[in-house]
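Heads up, the thing below is written out as structure tokens.
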Amino acid sequence: MSIAVIGAGKWGQGLHFALSKKQSCLIASPHSKLEIKDFVSIEEALNCEFLVFALSAQNIASWLKANFKNKGQKILLASKGIDTATCRFLDEIFLDFVDKENFCVLSGPSFAAEVMQGLPCALCVSGYDKALCETFASFFPPFIKAYVSEDVRGAEICGAYKNVLAIASGLCEGLNLGNNARASLISRGLIEMHRFGAKFGAKEETFLGLSGAGDLFLTASSTLSRNFRAGLLLARGKSKDEVIAELKEVVEGVPTAFAIAKIAAKQGIYTPIVKEVLAILEGKDAKESLKDLRGR
């Protein structure tokens, strides 16, 4: 079987490392040639039967339109976010290009740095075709336990929403509010995330499992999370643009906060934590935001 990872950032390289443990796996970048093992051109990678996408969420729509031709490839989406320009979920974007029976989503608690060390973790492959989910799950090495699910939309929403909540958690930590406050924020965030997902038919068990609570607890409690680090910097009074410039990495929680806020306003969904994170990104004082959040 031919497998390629599209996207050679930290997560893409982590997935390539893991998948290469059991079978040959190629890796390609849409940006430049990298001196890493198994690196190939985008054209060669797209000829593979199985494709794992680890591109920035905000670039996926334009990249697919410019580069992707449907040859019946089987897709595993490992990116997390919501397209801000259109407020579309990433599965909706992909399904303009591929049949849903050939599409899956990867979710769950997984820092690339720890995957690259071969440390144990558990992930979830969600899709419309159980057999394809199980096939993708079988590609992972023994140190990664891969479960399967049919809740694609739930996995998508969890993967996107938790990044915004991780920013909020970083803000909480940066303001020295203590462990009690941070645990309270994360637990209320889980409820908010589920409320949002329920509007789109996501299943409750998804939010209580690896894709939801598991990934949220990880990204909202460690400096290995770039979204958590973004919150720390915002708490120090840095602007959104200063934070992005200092981290020098894609912080998916930033554009996702704008997207969720737009969707929530249109759908009438109560999302107080996301609302305050967005306000801080737009310049509101973090302490004032905390006061307003506590007063709800």
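Below are the figures for this structure:
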| quantity | calculated |
| --- | --- |
| Residue in region 146-157 that is under 25 Å from residue 101 (Cβ atoms) and of a type in the set (Lys, Arg) present | yes |
| Residue tally, condition under 21 Å from the mean Cα position of the chain (by Cα), touching a residue at least 40 places away in the same chain (Cβ under 8 Å) and crowded, with 19+ Cβ neighbours inside 10 Å, over region 173-190 | 2 |
| Those residues of region 72-107 which are open to solvent by 20 Å² or more (accessible area, probe 1.4 Å) and on the phi > 0 side of the Ramachandran plot, in sequence order | 72, 87 |
| Filter result for the condition that a residue is open to solvent by 10 Å² or more (accessible area, probe 1.4 Å), over 17 Å from residue 11 (Cα atoms) and not aromatic (Phe, Trp, Tyr), over 149, 110, 169 | 149 |
| Pick from region 267-285, criterion free of Cβ contacts under 8 Å to residues at least 40 places away in the same chain and of a type outside the set (Gly, Ala, Ser), ranking: least open to solvent (accessible area, probe 1.4 Å) | 278 |
| Subset of region 228-260 [in a helix (DSSP H, G or I) and either within 14 Å of residue 110 (Cα to Cα) or among the charged types (D, E, K, R) (or both)] | 229, 240, 241, 242, 246 |
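The values are calculated or read from the model by the stated rules, or taken from the named source; none is laboratory data. As the structure is a computational prediction, the values presented were derived from the model and not from experiment. Note that we place each Cβ from the backbone using ideal geometry, even for glycine, and neighbour counts take in every protein chain shown. Side chains included, ligands, DNA and RNA excluded: accessible areas come from the protein's heavy atoms. Shrake-Rupley method; radii C 1.70, N 1.55, O 1.52, S 1.80 Å.
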